């Protein structure tokens, strides 16, 4: 709803009513001065009174109060209001004044050549009857009306006349209405009444007067901040607050804020009406995009370029609810924008948003701001609009504002005409839904897969995304149906994804969908090669073939810029089990760096968890812990994350055990899991961790039960490879501790057979070590040497450390052991465990160091520090300073200083004698 220029003028019939509502917040001094001047009108005059101040300072209220007082006293009152829309129209205010006198019409006056139309008639009327001439919003005075008032003042000698004008000096043309009137020659006495914002004391007094006692400093301060010290706003604010029956106490400050928003909105809308249609249109444009566009562009958007920009800008800066930004732009306070736009029809709002979006885009505004405008605009069907919406949707996803991303992508899909591009947007929309509303996302994914007209890349990517998000069953159902129709590369990828969802077709021991053909032994596509590699790795057979297929899939995929998550993940998992940990980590890093948006959000927990497992297998516990922490954070952002939680907590518990944090490991494995987690392919990881923690805590029977259930779950899915989870060897250790030697040997032998079939050195070494630990064997030293040789071809992870520790102990103490080799191995073990002093293997290294000191009868050996003992043993075996520094991870200079102290403490003259001392003990 808008007001015309005529309706915004003052009407005398409204004067009395308006005057009775003079805000009591208005200054007492100004009221007293005005009252004295009006009351002396019969005996004094002429008088000029100017009331100046910012918007809402109370000028209009005071003028109406004075006019009402004069009318009550029987004086004539001529009252007018200048408006922005008539600021360039000649004699606009004079016309309003003369309309209130008898005998002249606007048309008569417009035809007269008199430069001061009606002035003589007004002078005669004043001589006959004392008159108050009041002009509101004098800053909008047109030039001719201003000259007319100056002429009136020059000719007012002896007249009972009060000319009272109120307005803002800042919004006037140069030199301004205030200085122009004050400098007008003539007999009129000038009285200037500047109106300033209310002081804190005046605000407090108003609060007490209107709301009652109980003033609180915080309440008063907030009332002043909300009103800006403007009497009109403060008066309405306090009246509405008091009308609710509340007291001005701190507990009601939040209510005061809500009321303040309503009051400021009403005052801003009123100010819009006083500005006329064009000025109001500018305010509405500011409410839409004021902080995005320069003020001249806003005026152009509002089609108000003919208005005086300087005067309009100055007036707006003093209007409640309009802010001036450091950039020089103006804007409507965000909390008031809706109130301003309510004055428009829905169609007008849409048009305004559309035009504003185009202008903001041309001005280079940020995507978020332009996207906000587009959400309120009509369809533009322009490529830039779609790009802007998609970019802002990506940003919203990064900021976890998925609800906004859904709105943006939905709007973008409405802008698109091309079916292929719309399908791609639907895929992005499905990805966002899968994060927060997985059921809705599943429906979108299934619809995308089943729609034949969609591009091949979209259908395949939808299936990959659905599996990544955990909607395995729905995707497999859809793929089963569409595989009968798909051909070529699309069919190859869909078949790969079907098997990626359940590589061994054994979901909880039940054969799933036997009608779907198996993957070929020699896959043609990278996706099929990746999944086939993972199948072979799970079965624990054809190591070289599995490794080759995984490498081909991971590093020779033509979709390297937009890879499918599931095949790439399968290839990385296969390489992990194949001992190619560097390549597995590189593949995961590349996948994490390539994915973006919802795809990354959905895949991140699984990718980071697997990278954490890779770090654990390499003995990088700190890096593993970092990745697992990030994976837990990423999983916490997903509604459907139960499937990956057992993997995270299982790997995390092993990291805690290997770091010596037994209590934390016990707490982690005891954490409650969602019921859906028990059906996850990763549930055996948590069962294994529970078994390890129980075994570490001295509860072998409980460990045995957990590990057996772990094995049952793996066997039900036909996951046979001991490199996946060494549940048989750990169960053998638990059975051995519980006194079941036969079962321990059986499981140990079974694991060794499967480990040798797979052929990874670290897995074979661990199986051989387990066989030694659970059975009293005469060939213990030979077996451990074989295990150590196999282990050296793999990573230096927890399994390697245990083989190394047992090998060192045996070489150190068994008949026929190589003491020099034991010294080297002990030094390596000390280095591997140095960063986690509380870890089990660190304690074992310290114990072995003590054993070495007791076993090697070198005089004075006990006075050497552990570091000096390690350095002396290595130097005695013929190692160079550089080699020793590398093994102990210290500088060569540190090695030199340690050897110097060793020579001094042992009273020898150098490395030659040290080597002789060590060699002399070899036969002992």
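State yes or no: is residue 666 in contact with a helix residue (DSSP H, G or I) (Cβ under 8 Å, 6 or more places away or on another chain), in the same structural domain as residue 689 (by TED's automatic domain parsing) and over 29 Å from residue 400 (Cβ atoms)? So residue 666 passes the test.
Against the conditions (1) within 30 Å of residue 404 (Cβ to Cβ); (2) in contact with a strand residue (DSSP E or B) (Cβ under 9 Å, 6 or more places away or on another chain), residue 455 satisfies every one except (2).
Search segment 621-643 for residues being more than 21 Å from the chain's Cα centre (by Cα) and either in a helix (DSSP H, G or I) or at pLDDT 95 or above (or both), and hand back the single one that is surrounded by the most Cβ atoms within 10 Å (Cβ to Cβ).
Per the stated criteria, the residue is 624.
Give, as residue ranges, the helices (runs of 4 or more DSSP H) completely inside segment 679-773 that count at least 1 residues that are out of contact with any helix residue (DSSP H, G or I) (no Cβ under 7 Å at 6 or more places or on another chain), modelled with pLDDT of 95 or more and outside the structural domain of residue 665 (by TED's automatic domain parsing). Helices (runs of 4 or more DSSP H) meeting the threshold: 741-758. On the given criteria, is residue 93 at pLDDT 90 or above, assigned to a helix (DSSP H, G or I), at negative phi and surrounded by 24 or more Cβ atoms within 10 Å (Cβ to Cβ)? Answer is yes for this residue.
Within segment 118-165, which residues are over 60 Å from the mean Cα position of the chain (by Cα) and in a loop (DSSP other than H, G, I, E, B)? Result: 118, 129, 130, 155, 156, 157, 158, 159, 160.
Quick check on segment 307-323: of everything there that is in contact (Cβ under 8 Å) with a residue 40 or more places away in the chain and touching a strand residue (DSSP E or B) at 6+ places or on another chain (Cβ under 7 Å), which residue is surrounded by the fewest Cβ atoms within 10 Å (Cβ to Cβ)? My answer is 317. Yes or no: segment 414-430 includes at least one residue that is in a loop (DSSP other than H, G, I, E, B), in contact (Cβ under 8 Å) with a residue 40 or more places away in the chain and either crowded, with 17+ Cβ neighbours inside 10 Å or at positive phi (or both). Looking through segment 414-430, none of the residues is in a loop (DSSP other than H, G, I, E, B), in contact (Cβ under 8 Å) with a residue 40 or more places away in the chain and either crowded, with 17+ Cβ neighbours inside 10 Å or at positive phi (or both). Among (1) over 22 Å from residue 681 (Cβ atoms); (2) in contact (Cβ under 8 Å) with a residue 24 or more places away in the chain; (3) surrounded by fewer than 24 Cβ atoms within 10 Å (Cβ to Cβ), which single condition is residue 472 missing? The failed condition is (1).
Touching a helix residue (DSSP H, G or I) at 6+ places or on another chain (Cβ under 7 Å) and either outside any helix (DSSP H, G or I) or crowded, with 22+ Cβ neighbours inside 10 Å (or both), is that true of residue 575? Criteria met by residue 575. Of the residues that make up segment 482-489, is at least one modelled with pLDDT of 90 or more and crowded, with 20+ Cβ neighbours inside 10 Å? Checked against the condition, which is being modelled with pLDDT of 90 or more and crowded, with 20+ Cβ neighbours inside 10 Å, segment 482-489 yields no hits at all.
Filtered by the rule that a residue be closer than 14 Å to residue 431 by Cα and either assigned by TED's automatic domain parsing to the domain that holds residue 565 or part of a helix (DSSP H, G or I) (or both), segment 451-474 gives 458, 459, 460, 461, 462, 463, 464, 465, 466, 467, 468.
To keep it simple, each residue is scored yes or no on (1) farther than 30 Å from residue 678 by Cβ; (2) modelled with pLDDT under 90; (3) in contact with a strand residue (DSSP E or B) (Cβ under 7 Å, 6 or more places away or on another chain).
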{"residue": "523", "(1), (2), (3)": "yes, no, no"}
{"residue": "528", "(1), (2), (3)": "yes, no, no"}
{"residue": "531", "(1), (2), (3)": "no, no, no"}
{"residue": "546", "(1), (2), (3)": "no, no, no"}
{"residue": "552", "(1), (2), (3)": "yes, no, no"}
{"residue": "559", "(1), (2), (3)": "yes, yes, no"}
{"residue": "563", "(1), (2), (3)": "yes, yes, no"}
{"residue": "575", "(1), (2), (3)": "no, no, no"}
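If the condition is being at pLDDT 90 or above and surrounded by fewer than 21 Cβ atoms within 10 Å (Cβ to Cβ), then segment 270-302 contributes 294, 295, 296, 297, 300.
Yes/no matrix, rows are residues, columns are (1) under 30 Å from residue 625 (Cα atoms); (2) in contact with a helix residue (DSSP H, G or I) (Cβ under 6 Å, 6 or more places away or on another chain); (3) crowded, with 19+ Cβ neighbours inside 10 Å:
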residue	(1), (2), (3)
813	no, no, no
824	yes, no, yes
845	yes, yes, yes
871	no, yes, yes
884	yes, yes, yes
889	yes, yes, no
905	no, yes, no
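Taken together, 352, 336, 330 contain a single residue that is under 18 Å from residue 278 (Cα atoms) and under 29 Å from the mean Cα position of the chain (by Cα), which is 330. Checked across segment 195-208, the condition of being closer than 20 Å to residue 54 by Cβ and in contact with a strand residue (DSSP E or B) (Cβ under 7 Å, 6 or more places away or on another chain) holds for at least one residue.
Whether a residue is in contact with a helix residue (DSSP H, G or I) (Cβ under 6 Å, 6 or more places away or on another chain) and surrounded by fewer than 23 Cβ atoms within 10 Å (Cβ to Cβ) was assessed, and residue 406 passes this test.
The values are calculated or read from the model by the stated rules, or taken from the named source; none is laboratory data. Note that the coordinates shown come from a computational prediction; the quantities given were computed from them, not determined experimentally. Reconstructed Cβ throughout: ideal geometry from the backbone, glycine too, with neighbour counts over all protein chains shown.
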